[in-house]
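Enquirer: Quick one: structure below, then a few questions.
The values are calculated or read from the model by the stated rules, or taken from the named source; none is laboratory data. This one's a predicted model, so the numbers in the text were calculated from it and none came from an experiment. Cβ placement follows ideal geometry from the backbone for every residue including glycine, while neighbour counts extend to all protein chains displayed. Heads up: the accessible areas ignore ligands, DNA and RNA and are worked out on the full protein's heavy atoms, side chains in. Shrake-Rupley method; radii C 1.70, N 1.55, O 1.52, S 1.80 Å.
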Amino acid sequence: MMEKLPEIAQTYLEGRVLDEVECIVSDLAGVARGKAMPGTKFARQSHFYLPNSIFFQTITGDWADDVGDGFTEPDMILTPDWDTAIPAPWTADWTLQVIHNIDDQQGDPVPFAPRNVLKRVVDLYAARGWSPIVAPEMEFYLVAPNTDPAREIEPPMGRSGRRAAARQAYSMSAVDEYGQVIDDIYDFAETMGLEIDGILQEGGAGQIELNLRHGDPVRLADEMFFFKRMIREAALKHGMYATFMAKPIAGEPGSAMHIHHSVTETQTGQNIFSAPDGAESPEFLHFIGGMQRNLPAVIALLAPYVNSYRRYVPDFAAPINLEWGRDNRTTGLRVPVSGADARRVENRLPGMDCNPYLGIAASLACGYLGLIEGKDPSDEFTGDAYAAESGVPRGLGDALGLLESNLGVQQVLGEDFCRVYTAVKQLEYSAFLHVISPWEREHLLLNV
C-alpha cells in the first residue's frame, strides 16, 4: 500500500505504524461521510460500500425519498483515490484521510455525488480541448462556542481578553488576537501538504479570509473539503468554533467563496481569455455572458440554505447583481487587474456555505454554456453596482424554481443530480417553514 501513497503521506508515516484510515466522501452539504477502519484492514481492502441514500439526506437529518429509485438504497462502490491520501494531524494517533471515487454496481460514476458532478463539468471542457483553472477564496468566522441555538452567535474572546472587533479588515493585530488558531491552521496545512496563498482579517468580527493558489478544479475542491474539516478542528483545539455559515452574525458581513476562473488550451497552455496580442478575446466576453445568463439557475447551489440569502444585502461587501466590471467589487462578476496570461473572471456570488465541489461545478457550468453559446455579456458596469437591478433570487424557493426551468444547466450538471438536489433542498425548505422565529414572536404576537 505504501507505494501507492503520495509523498506527503509517506513522509508522515515514515518510521511509524498507520493506526487508522478515514475513508470519506462529500455529501450534498459538503459533510464528510464514510467509514474509519484500522490501517491494516484498509491495506487489504480494495473497496467498500455505502448506500446511495447518503446523497438524499438533508442538513437536518431527514431523507428525501422521492428521488425516482423507489428509495431502495442500493450500495455504491467506493474505491480510494490514492492521490488524495493525506494526514489528519489533529488526531491522537497516526491517521490518514482518503477521498474515495464513487461508482454504481455497473461501474458508472454515481451522477449525484458532488465530486462526480464537478468531474462531469471538467470533462465537458476537456472534450473541447480546454482546461478550466480556478482559484477559490475561503471566508469564515471564528466564534465563541454556541451550545444553545436560541442564543445569538458571538465573536470569540481574543488574547487581549476582549471579544474580536468588527471593521478591522486587513488588520494584523486583529489576526494576532487569535494567532494560536492561525498558527495551528498553518501547521496542520503544512503536515497535510496543503498550500495556503495567504491569510488575512476580513471585515467581520473574527472573520478570516484564506486564499488558495490557482489550479485544477477537482484538486482545489478536494483541498477546500479538507480545509473546512481542518479549520474546525484547529478552532476547537482552542475553545472556539469555526463556522462557514453565509451569515452567522446579524449586522456583520457574510462569508463568501469567491471563485476566480480562467480557461487554457490543453495542448498549448494558452489562456483563451487573451488574444495573441494580449487583448481580451471573444471567448473572455462569451464566458462572462454565459455566467450572466445562467447564474440565476445555479444560485440554489451557490446559496444552498435559507440563511444564504441573508448575505445578499447592499453595502455588506456581497454582490446583489449580475453585472460585470473591471476592478469593481460592487459587481457580481469582477475582472481583477492582471496581465494577459492571468486574465480571469471572479464570481463573487457563491457563499462559503456551499459545497465546494458543487459551487465550482455550477460556476464553471455557466461559463461553459457561455463559451458554447458564443453570446456577449451586457455592457460593462462602471459605477456602484449596488444601485443596479438585482437579478439574484431572494430566497431558496425561487432559486430552486430557476434551476428546474433551465434545461441547459441541467444537461451540463446532470439531470439526475438536479432532480436529487432539488428534492433534498425542497425538503429542507419545508422544514424551515415549520419553525417560528424570534422576530415573528416579537413583532407579530401582540401587534397583528
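Enquirer: Which order do the peptides 358-364, 130-136 take when ranked by the mean count of other beta-carbon atoms within 10 Å per residue, highest first?
Expert: Put in order of decreasing packing, that is 358-364, 130-136.
Enquirer: Let me ask something else about it. Where nothing but the Cβ of Lys and Arg (+1) and of Asp and Glu (-1) is charged, how large is the charge dipole of the chain around its Cα centre, in debye to the nearest 20?
Expert: Approximately 520 debye in magnitude.
Enquirer: Could I ask something else about it? Once amide H atoms are built 1.01 Å from N in the peptide plane, which residues 5 or more positions from residue 50, or in another chain, come under 5 Å H to H?
Expert: Amide H to amide H, under 5 Å and 5 or more residues apart or across chains, residue 50 pairs with 76, 78.
Enquirer: Return P(r) of the range 167-304 (all Cα-Cα pairs; 5 Å bins starting at 0; whole %; ordered from short to long distances).
Expert: 2, 8, 14, 17, 18, 14, 11, 9, 6, 2, 0
Enquirer: Related question: Assuming 0.36 nm per residue, please report the length gained on full extension of the stretch residue 407 to residue 162 beyond their Cα-Cα distance.
Expert: Full extension of this stretch gives 83.0 nm more.
Enquirer: Which Cα, out of 417, 330, 86, lies furthest along the positive dipole direction of the chain (beta carbon charges, K/R +1, D/E -1)?
Expert: 330
Enquirer: For the range 204-211, in order, what is each residue's ³J(HN,Hα) by Karplus, 6.51 cos²θ - 1.76 cosθ + 1.60 with θ = phi - 60°, in whole Hz (x at glycine and Pro)?
Expert: With coefficients 6.51, -1.76 and 1.60, one gets x, 6, x, 8, 10, 10, 10, 9 Hz.
Enquirer: If you plug each phi of the range 178-187 into the Karplus form 6.51 cos²θ - 1.76 cosθ + 1.60 with θ = phi - 60°, what whole-Hz ³J(HN,Hα) values come out, in order, with x for Gly and Pro?
Expert: 10, x, 5, 5, 4, 4, 5, 4, 4, 5
Enquirer: Then there is this: Efficiency by 1/(1 + (r/R0)^6): what FRET value for residue 387 and residue 8, r their Cβ-Cβ distance, R0 = 35 Å, to the nearest 0.05?
Expert: Calculated transfer efficiency: 0.15.
Enquirer: Please report the antiparallel percentage of DSSP beta bridges with both residues in the range 235-383, rounded to the nearest 5.
Expert: 75 percent
Enquirer: Report the longest stretch of the chain that contains none of the trypsin sites (Lys or Arg not before Pro) sitting in a DSSP loop with at most 16 other Cβ atoms within 10 Å.
Expert: Result, exposed sites excluded: 214-328.
Enquirer: Additional query: Please find the FRET efficiency linking residue 126 to residue 238, where r is the Cβ-Cβ separation and R0 is fixed at 41 Å, and quote it to the nearest 0.05.
Expert: Approximately 0.45, to the nearest 0.05.
Enquirer: Sequence-distant or interchain residues sharing an amide H contact under 5 Å with residue 97, placed H: which?
Expert: So residue 97 has HN proximity to 22, 86, 88.
Enquirer: How long, wide and thick is the range 351-416, going by the Cα atoms along their three principal axes, in whole angstroms, largest first?
Expert: Over the range 351-416, Cα extents along the principal axes are 40, 30, 23 Å.
Enquirer: Sticking with this one: Please enumerate, by chain and number, the aspartates and glutamates with C-alpha under 15 Å from the C-alpha of residue 425, excluding those fewer than 8 residues away in the same chain.
Expert: 27, 62, 65, 66, 353, 398, 404, 416
Enquirer: What Kirkwood hydrodynamic radius do you get for the chain when you take the inverse of the mean 1/r over all pairs of distinct Cα atoms, in Å? Could the numbers behind the result be given before it?
Expert: Working: mean 1/r = 0.0437 Å⁻¹.
22.9 Å is the Kirkwood radius here.
Enquirer: In the full protein assembly as shown, how much of residue 240 is accessible to a 1.4 Å probe, in Å² to the nearest 10?
Expert: Approximately 20 Å² of residue 240 is accessible to the 1.4 Å probe.
Enquirer: Relative to the Cα centre, what is the charge dipole magnitude of the range 71-199, using +1 at the beta carbon of each Lys and Arg, -1 at the beta carbon of each Asp and Glu, and rounding to the nearest 20 debye? Write down the numbers at each step before the final one.
Expert: Details: 9 positive and 22 negative charges, 102 e Å.
Dipole size: approximately 500 debye.
Enquirer: May I pose another question? In square angstrom, rounded to the nearest 10, how much accessible surface does residue 94 have for a 1.4 Å probe?
Expert: 90 Å²
Enquirer: So for the chain: antiparallel DSSP bridges make up what percent, rounded to the nearest 5? Walk me through the numbers on the way to the answer.
Expert: Numbers: 48 of 56 bridges.
DSSP beta bridges in the chain are roughly 85 percent antiparallel.
Enquirer: Per residue of the range 42-52, in order, report the coupling 6.51 cos²θ - 1.76 cosθ + 1.60 (Karplus, θ = phi - 60°) as ³J(HN,Hα) in whole Hz, putting x for Gly and Pro.
Expert: Going residue by residue, I get 4, 5, 9, 10, 8, 6, 8, 10, 9, x, 5 Hz, with x marking Gly and Pro.
Enquirer: Roughly how much of residue 26 is accessible, in Å² to the nearest 10, using a 1.4 Å probe?
Expert: Roll a 1.4 Å probe over it and residue 26 shows about 10 Å².
Enquirer: Long-range amide H contacts for residue 36: which residues qualify at under 5 Å (H placed 1.01 Å from N, peptide plane, sequence gap of 5 or more or a different chain)?
Expert: Under 5 Å from the amide H of residue 36: 23.
Enquirer: OK, next. Quick one: which of 35/228; 41/228; 119/228; 4/237 span more than 23 angstrom between C-alpha atoms?
Expert: Those over the limit are 41/228; 4/237.
Enquirer: Another question, if that's okay. At a Förster radius of 45 Å, what calculated FRET efficiency corresponds to the Cβ-Cβ distance of residue 265 and residue 394, to the nearest 0.05?
Expert: E(calc), rounded to 0.05, equals 0.70.
Enquirer: According to a simple spin-label model (label point 7 Å from Cα along Cα-to-Cβ), what is the distance in nm between residue 326 and residue 147?
Expert: 5.6 nm
Enquirer: Taking GluC sites (Glu not before Pro) as exposed when DSSP calls them loop (any state but H, G, I, E, B) and at most 13 other Cβ atoms lie within 10 Å, what is the longest stretch of the chain free of them, the sites themselves excluded?
Expert: Details: sites that count: 14, 152, 195, 389.
With GluC sites (Glu not before Pro) excluded where exposed in loops, the chain gives 196-388 as its longest stretch.
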